[in-house]
Each structure stands twice: as C-alpha cells, then as structure tokens.
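Data first, discussion second: the structure below is written as structure tokens.
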Amino acid sequence: MSALTDPRGAVEELTRPEGWVLGVSVAFLLFLFVALLTGALGPTYFLFLVGLAGMYALLSFGLNSQWGFAGLINFSVAAFFGVGAYGAALFTASGSPLAELFEGVPLIPSLLGLPVVGLVVGLAVAFVLAILIGIPTLRLRADYLAIASLGLAEVVRLIVLNERWLTNGSAGVRGIPGFFAGWPVLGTFPEAMPGLRLEVIPGSPVLLETAFWRASLNVLLVLAFAGGVYFVLRRAHRSPWGRVLRTIRSDEDLARALGKDTYSFKMQSFVLGSLVMALAGVFYTHLNLYVGPGDLDPITTFYAWVAVILGGSGSNRGALFGGIVIVTIREGTRFLNDVALPIDPAPLRLLLIGVVIIAVMRYRPQGVLPPQRELIWPSAVDGGGAPESPDSGVRERKGGGGDE
Amino acid sequence: MTVIGYLANGLVFSSIIVLGSIGLSLVYSIADFANFAHGDTMTIGAYTALVTFGVVGGLGGAVLGLPYGFFLALVVGIAAAAVVAVVTERVIYEPLDVDSIGLLITSIGIAFVYRALIQIRFGSDFTRFDIQPLRPIESLVPYGVRVTLHDVAIVASAAVLVVGLHVLLQYTDLGRKMRAMADNPDLARVSGIRTRRVKLWTWVIGAGLAGAGGVFLGLFNQLSPRMGFNLLLVIFAAVILGGIGSVYGAMAGGFLIGMINQLTPFFSDVVEALPIWPGWLASLLESLVSIEYANAIAFVIMVAVLLVRPNGIAGEGAT
C-alpha cells in the first residue's frame, strides 16, 4: 500500500535482510527474464517452475500455521500433501479403481472425474487424517510430537505403497486431467488460444503454444490458492484466535492458566494447516499429472521445513521466499547435472538442503525474514514508532532459545 | 518356520536395534535432544567398515565364519562413527545458540549431509560385505531355526558391547559422571564434573555403538545410503518404548521392537487362524498385519505407548 504511494520511503524502511532478499530476488528475476528472452529457458517449463514454487509456498503456509502459529512440530507434512494429491488423483484419473468400486452407487459415478469434486475429496480425507493423527499426538511434548508424527507419516506412506488395489502401488497414478478439464470456458482455453511466435533475439524464437497456455492457467490457479490462503491465514493470525495460538506457542501453561483449552486450539491449528498442505497436494496432482509414493517420502516434509525455517517461522512472506529457494535447489541441481557437473542430482539436493538447515540454525535461527510488522496491525507501528511491540518479547523468548 | 525360528531371527535383529537405541538414548539424556542424525551415523560406520574390509581383506583366519579382517573393519567403523560424531558436536552443535527443538532440526540437516556425502561417494545402490554368505547352522535346522554363524557373531558381539557399557556405567568414574549429568546437568557441573568432557564421551560411546549397529546391519541385510535413516524411526520407537533417557529401558525397548518386527509373519499367521468376527475386520487385520507393515506396526506401538505411558516402560516420573 505505502509502497505504491511512496516507493523511496518504502525501500528505506526495509531492514537489512529485507533489502538483501529484495535485491537477490530482483537479480534472480532479471536473470530468469534474460534466460526466457534468449530461449535458454522454455516459457512452459518456466511457468511449471512458478507453479511448483507456488505449491511449495502453499505447503509452507500450511506448516507455518502449525509451527509458526502454535509451535507444533509436525513432521507429517508429506502425509497430508500425499493424501491430498492421491485423493484428488484417484477421484479424477481415467483408470481409477474408484470407478469400479462405486459402480451401482447412486450419484457418485457421475461425480468421478470432476477436479472440483476431487479437490473437496482430497481436503476431506486430509481433514479426517489430521484428526486421526492429532488426537494421539497433540497432547505429547514437542519432541515426542516430532517423532510420532514422522512415524505416522511413514505409516501413511507404507499404506499408499502397499495397497495396490487402490493406489497402484509403486507405479503411481497416471491419466490425471488438468484442474480446468470440463470447465465451461477455461476447459478448452489452452486449445482455443492461437500459437504465438515471439522472436526477441533473431534466430532463437520463443514459441507459445497449447502447453504454454495450459501452464499459465496452472499458475493462475496456484496464485488464486496461495493468495486466498495467505489472506485467510493473515486474518486468522491477527484475530483473537491467532493471539491465543501465539500465547500457546510461547508459554502453554500461561494459556492454560488463562482458561484456554490449549488442546482444542492446537487441534484447530493442526487441522487448518493440514488442509492447506492437502490443497498444495491437490494442486500438485493437476500440475504434475502424475503422483507416486515417492511424493510421500520424508524429504517432502523437510522441503517444507526448510522453506519455513529459512523464511522465519511465523512469517508468511518468509514462507514464500523459502518456497522459491526450494524450487531453485530442486530444479537447479537437475540443471547443474545436465550442464556442468555430472553429479547425481538426488544426493546433491539432499546435501544442499542439509547445509541450508545447518547454516540457518547456526547463523540466523530466527530465519531470514522473521515476522516483524506483518504480525501486528500496521497502526501499532506507525502510531507508536516504537520497535518494542507487545509481541516482540514473546517472539524473542521463542527464537532466542533462552533456556540454555 | 516355527515360533522358535522367528524368535531366533528376532534376537538377531534386536541386537542391532539395541545397539542403535542405546546410543540414541544416551545422547538424548545427556545432550538433551532427539538426534535425527543417529541413523545416518550407523550408515557411516557401515560404509567405513566396508571400505576398510575391502582394503585389509581377510587377514588369514576366521572366527564364527567371519574373517579377522572383518573384526578390524568393525573396530575402524566404530571409531569412524565416533570421530564423525565428536567433530559434528564440536563444529556444529556446540556453537549453536538454540533450544533443544533447534538442535533437533539441526540434526536433521546433519543427517542429510551425512547421507548425501555417502551417496555421492558410493552411489545409491545396495552393496554387501565381500564375505561368503553362510548356510544356516545344520544342527538347529530341525527345530525350525535358520540362523547362520554370522547371526551368532552379531548377537555375541552385541552382548559383549552391551555388558561392557553396563560395567562402564555402573562401576567406572566416567559412568557415574554420566549418570549424574543425565540426572541433573547443573548439579553435576557445580559438583566439579567437567560436563563438556563427559558430553564428548557420551557422543563417543553413543556414536560408537551406532557404528557397530550399522556394521552388523550391513552384515545382516545389505548396505545402502538409506539403511540408517530407514531404521531410525524403528530405533526411536524402541527408545520411546523404553523411556527416553533410560539406557536400560532402551535395551528393553530395542529388544521388544526387534522381536515384534521379526515376529510379524507369525502374528499374521495367528490373525489368520483366529476366528475374528465380523468378516471385514478379519480381512482388514489380515491385510494390515503382514511383512510390508512390520515397521508400521512398530510405529503404531510407539504412538500407543506414548498415549498410555508418555514416559515409556522404564521412564521416570518427570518429563
């Protein structure tokens, strides 16, 4: 808002890390833009990457509303992501065993194949799973919650891997339509659009064809998802409900002494975050058009964790930044393998993720973009002009680790 | 196979789990965080032993079907795991200014770095120690027990290590200091114990046992960069079952989880034989209690124990 009316002032107001992130992001965008124009980076692939970054940002938003808001250490991100993805995939895929399963049942066969219904199904399954996992684990101490949730996520992965009659086992599910398949206008939009041929640099034309338009629809979709979730989470975080969660995060006994049912609040936060993760899964299904049990690997969980702790726990813009970094690591290692170093991308990716985790915990445990102004009403900062906002004490105690 | 046969297999697998869970529990009680890099410390031990064994070869004679060179490789593997853990503690964990949750998250990063380095060096394929696989011991086969001399060697070595640790904890100065520190680090410090040194020794012992567990796991199954991480949750289940921070609880928990894991085929036979009503429940149980879900069963038991007894079977009252 203020950035539009007073750009210079807005830039000056940035903290140093914010300035750095902004600078690096702009440089990175310019680099990508040049690569696009010269044809080194296919526009369709670029939009796929944007979609993927949006997907990781969604995943991080979900984790953020558990770890950042209420301090829940949830290591079962991959399970919720996978359940959302598989729920939507099985409901919409052409060769899905659900068609046989529901044969003769009224109404359901006519709904099969509709992505919107798949979305609802994916979220519903994640909702049930969140309650099932939450009931036993949310009463536990923080580190026990971490171990137990990782274990339960592994149980979900094993079930997906072994129940071949439903999930097709390790071969995964194929034949998934795009999210807009069957929609009135958007369903045929990619085919209806004419193919464009841009020649910015002579000799290396940039072709914009059906695949490109399909990818741009996906980007619009993820922008809509991420924007909606961001808005809801921001409202939620600033609401009285969000304040209770922050109190629980910094001192659960205090929240209990104030008469709050902390278990119930933690469960609400857990379910909310899980739904957002499942939403990311649903989007991933329609972006990638294939899901396999490899998507439920614990590494997916830790991708989301890296995004969140890198950005700063509780910070939604941090999560967005983290999502972009994750995609850069994921696809950058593949690119590196193709072009420069013949190192297998999988371990390199693992190495980078590990190094990023260690480096963040060592040098900036509060994250690169810790939540500052975004957590409180802007007027609180503008009016007082004092950096000591009421909740900064809470945050310092959390991030600084004063227990030692 | 008979029940005794499954029990014998369970004993072998338990020995490996016990070695892993003791180290994890020691580090949990003295360094005060859940070390997610413990499984990959096992992997380091296993791969170091693989390389060492490849270099030194058999060295002539053999005990229990294992050449002398293998035991040398075992010692080198234990040493390597311990050295790596101590270096990690000094370089990474010690300078950190975060709480125990921060340490937990850092340990995940360290686990990834260990695994990535091993995978870059050795590839992600399965390998084996270059030792001739043995046939099951003939005299035991009629009882339905199919264990090899190698399995006997695993159980015997694990027993030696566990008894050694028991003696160390109960009868030596270091052991007393470690127990004091696990109980109350501040009190231990004011009474003149050099807590930093004790912590380093804890890492040496914990990681060393993990390295031994890794070598035996490689001998029992195969080696792969994921072997340790895959086992990590089973080990956590054992530690939680026994009660976090209790070494003897970890032994008991490791023994139970290892047994349950290897007895899964027996349980599925039992489930099939039992007259369960209604029919859908029977078929559901039959499909869930199978070898594919052996690890899942361990995790579910872990969560159940956490619900009923959050401090484990041998845990103390306080959290």
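Where a number appears in this text, it was derived from the coordinates with a stated rule and is not lab data. Everything numeric here is computed off the predicted structure, so don't read it as measured data. Note: ideal-geometry Cβ built from the backbone for every residue, glycine included; neighbour counts use all protein chains shown.
Shielding of peptide B:297-305 by partners, expressed as the average count of other chain Cβ atoms within 10 Å per residue Cβ, is 4. Between B:Asp186 and B:Asp97, the modelled label-to-label distance comes to 2.1 nm, taking each label 7 Å out from Cα in the direction of the beta carbon. Taking a sphere under 14 Å around the Cβ of A:Gly82 and counting the other residues whose Cβ falls inside, with K and R at +1 and D and E at -1, yields a net charge of -3. Here the mean projected area of the convex hull built on the C-alpha positions of the range A:209-268 is 5.0 nm².
Number of Lys pairs in the protein assembly as shown with C-alpha atoms less than 29 angstrom apart, excluding same-chain neighbours closer than eight positions? Please list the in-between numbers first.
Values: A:Lys260/A:Lys398; A:Lys266/A:Lys398; A:Lys398/B:Lys199; B:Lys177/B:Lys199.
Qualifying lysine pairs in the protein assembly as shown: 4.
Taking the number of other C-beta atoms within 10 Å as the exposure measure, put B:Val247, A:Val339, A:Val34, B:Val75 in order starting with the fewest.
Values: B:Val247 24, A:Val339 8, A:Val34 11, B:Val75 16.
In increasing order of surrounding Cβ atoms, one gets A:Val339, A:Val34, B:Val75, B:Val247.
Between A:Ala181 and A:Ile108, the modelled labels are 2.0 nm apart [label points 7 Å from Cα along Cα→Cβ]. With a Förster radius of 45 Å applied to the C-beta separation of A:Ala211 and B:Arg90, the computed FRET efficiency comes to 0.30.
Rounded to the nearest 0.05, what FRET efficiency do B:Thr195 and B:Val141 have when you use their Cβ-Cβ distance and R0 = 45 Å?
Details: r = 52 Å, r/R0 = 1.17.
That pair, B:Thr195 with B:Val141, gives E of 0.30.
Where only DSSP H runs of four or more residues are counted, chain B gives -24000 deg cm²/dmol as its mean residue ellipticity at 222 nm, each run worth -39500 (n - 2.57).
Can you tell me what percent of all Cα-Cα pairs in the protein assembly as shown are more than 39 Å apart? If you can, show how the numbers build up before the last one.
Values: 102006 of 261003 pairs.
Pairs farther apart than 39 Å: 39 percent.
Sequence-distant contacts, meaning Cα pairs under 8 Å at least 6 residues apart, place the relative contact order of the range A:65-195 at 33 percent. Per residue, the convex hull spanned by the alpha carbons of the range B:3-227 comes to 137 Å³. In a fully extended conformation the segment linking B:Asp125 and B:Val56 would gain 22.5 nm over its present Cα-Cα distance, using 0.36 nm per residue. Per 10 Å bin, what percent of the C-alpha pairs of the range A:7-148 does each bin hold, from zero upward? Taking every Cα pair in the range A:7-148, the percentages come to 10, 23, 23, 25, 14, 4, 0.
Spin-label pair B:Ser283-A:Asp251: with each label point 7 Å from Cα along the Cα-Cβ axis, the two points sit 5.7 nm from one another. Each Lys or Arg adds one and each Asp or Glu takes one away; over the other residues whose Cβ falls under 15 Å from the Cβ of B:Val113, this sums to +3.
Explain nothing, just the number: relative contact order of the range B:1-79, from Cα pairs under 8 Å at least 6 residues apart, as a whole percent.
Numbers: 50 pairs, mean separation 17.9, N = 79.
Worked out over the range B:1-79, it gives 23 percent.
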